[in-house]
1. Give the distance, in whole Å, between the Cα centre of segment 73-123 and the Cα centre of segment 9-31.
2. Where the eigenvalues come from the Cα gyration tensor of segment 80-166, what are the semi-axes √(5λ) of the equivalent ellipsoid, largest first, in whole Å?
3. Of D21, D143, D123, which is the most mobile in a GNM of the chain whose springs link Cα atoms less than 10 angstrom apart?
4. Using alpha-carbon pairs under 8 Å, 6+ residues apart, how would you state the relative contact order of segment 92-165 in percent?
5. Enter the per residue convex hull volume of segment 50-96, computed from alpha-carbon coordinates, in Å³ rounded to the nearest integer.
6. Of W14, W136, W144, which has the largest mean-square fluctuation in a 10 Å C-alpha GNM of the chain?
7. What is the gain in length, in nm to one decimal, between A82 and N100 on full extension, counting 0.36 nm per residue of separation less the C-alpha to C-alpha distance?
8. Tell me, in nm to one decimal, what length is gained between W14 and N45 on full extension, where the rule is 0.36 nm per residue of separation less the Cα-Cα distance?
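Every number here is computed from the coordinates shown, using simple stated rules; none is lab data. On a predicted model such as this, the values are computed, not experimentally measured, just so you know. Note that we place each Cβ from the backbone using ideal geometry, even for glycine, and neighbour counts take in every protein chain shown.
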Amino acid sequence: MKQLLLVRHGKSDWANQHISDFERPLNPRGLRNAPEMARRILDRNEIPELIISSPALRAITTARHFAQVWNKPAEQISQEKAIYEANVKTLLHIVNKIDNKYQRVALFGHNPGFTDLANYLSDADIYNIPTCGTVWIEFPFDDWQQVSHHTGSLLKFDYPKSASDD
């Protein structure tokens, strides 16, 4: 069995319009939500063995917050530039290249690609993965290369319940 955790980056800060999209940081809500969501996974004892993240600032910062809660060194986060602005085909290629020694893997990245990937790979019918939302998908085989259209089952879809608008 393989398990894939998709994590959309935390809420980003749009205050500085002169920053490129790639360099956009997390806002205060994003900084609060990331450790909260990581703790939910820690509490279920479902920590991924491998973390792969988009190098965009808001995604890698989210991944670092998760890694800290999971007691994993930030240096163990693998950065994959192809995740940034990726479509389903590109994301699937990244998943299919994962080393089979890993059973549970987390990808940190962006919409619309992540929502599209969740729906493509599984029986999910997710309209939108909110910021810092998580999607767990399980696959009934031991080879990441077998991951393809509708081969997975949605295990859990979770997201912050924050009502604040900061």
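1. 21
2. Numbers: eigenvalues 101, 43, 29 Å².
Result for segment 80-166: semi-axes of 23, 15, 12 Å.
3. In this elastic network of the chain, the residue with the biggest mean-square fluctuation among D21, D143, D123 is D21.
4. Details: 94 pairs, mean separation 26.5, N = 74.
Reported relative contact order: 36 percent.
5. Working: hull volume 3.2 nm³, N = 47.
Cα-based convex hull of segment 50-96, divided per residue, equals 67 Å³.
6. It is W14.
7. Gain on extension, A82 to N100, equals 4.5 nm.
8. Values: separation 31, 0.36 × 31 = 11.16 nm, distance 3.41 nm.
Difference between extended and current length: 7.7 nm.
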